[in-house]
Amino acid sequence: MIVLRDPHYLTQIVQPDIKTYLKQRFHDLCDPEPYDPDEHGFFILVEPGDTSEQIEQATGYSLLKSLFSDTVYGEPDFIPDFEYLEDHGSFYESVYLFTDSGCAVIWIVPKEEGIDDRILTLCAEFSTQTMSHNPHPEPLNSAVATFVKGLDSNTREYFEERAAIAEFEANMPRADAEQFALELTRTHFNLQ
């Protein structure tokens, strides 16, 4: 596994599509601030030969275990703790948010020979496909819906994360949460 707590470590990644994607994600997570892994989070790139147990021992995190209960993947009561898990074609991305400000542990799981079958099976079962459809709900307000249609996937994800936090953590009505997230997104990305 490669634990990426600094964008300079991207040179360790051999898969060009993953390297390009992570370069953009590092930028999106912190722009315009300098990157700080304690504030913005970090990435775990699973490599062939890594087991879930090895990853958990090294990082303290496991895709196959709930952080909030004693359940593990495969048990009837298991519910994954990630915010979302997306299928990017050649790899999966799983995001765990730990603070309202967006500090996250982001797992990147390549669809490669030698990746732990249990991890790949979980990813296939719970992922949404970013290539084939839009996994996000249509905003309730038509002006917000028009705004988000023009966003790239990373900016849209930023919007969706803020809307979900406002709705579910701050108990805002969905329409208000989406409007709030729109303003945060405009400010964060300097959009009009």
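Since every read-out is calculated from the coordinates, none of them should be taken as a lab result. Quantities reported herein were computed from a predicted structural model and do not represent experimental measurements. Cβ coordinates were reconstructed from backbone atoms using ideal geometry, including for glycine residues, and neighbour counts include every protein chain displayed.
Below are the figures for this structure:
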quantity: About the Cα centre, charge dipole magnitude for the chain (Lys/Arg +1, Asp/Glu -1 at Cβ), debye; calculated: 560
quantity: Ranking of His188, His27 by count of other Cβ atoms within 10 Å, fewest first; calculated: His27, His188
quantity: Cleavage-rule hits, GluC sites (Glu not before Pro), the range 19-126, DSSP coil, Cβ neighbours within 10 Å at most 10; calculated: Glu113
quantity: Restraint check, Lys23/Lys111; Lys19/Lys111; Lys19/Lys65, Cα-Cα greater than 22 Å; calculated: Lys19/Lys65
quantity: Whole-Hz ³J(HN,Hα) from phi, Karplus 6.51 cos²θ - 1.76 cosθ + 1.60, for the range 106-113, glycine and proline x; calculated: 10, 8, 10, 10, x, 8, 10, 4
quantity: Percentage relative contact order, the range 41-99, counting C-alpha pairs under 8 Å, at least six apart; calculated: 17
quantity: Residue-averaged 222 nm ellipticity for the chain, from DSSP H runs of 4+ at -39500 (n - 2.57), nearest 500; calculated: -11500 deg cm²/dmol
quantity: Rel. contact order, % - alpha carbon contacts under 8 angstrom, at least six apart, the chain; calculated: 17
quantity: Bridge type composition, the chain - antiparallel percent by DSSP, nearest 5; calculated: 70
quantity: Centroid-to-centroid separation of the range 117-192 and the range 47-82 [C-alpha atoms, Å]; calculated: 25
quantity: Listed residue (Ile44, Tyr9, Phe189) projecting farthest to the positive dipole end of the chain, Cβ model; calculated: Phe189
quantity: Arg162, Arg5 arranged by Cβ crowding within 10 Å, fewest neighbours leading; calculated: Arg5, Arg162
quantity: Cβ-based exposure ranking for Ser142, Ser52, Ser153, Ser90, in which fewest neighbours within 10 Å come first; calculated: Ser142, Ser90, Ser153, Ser52
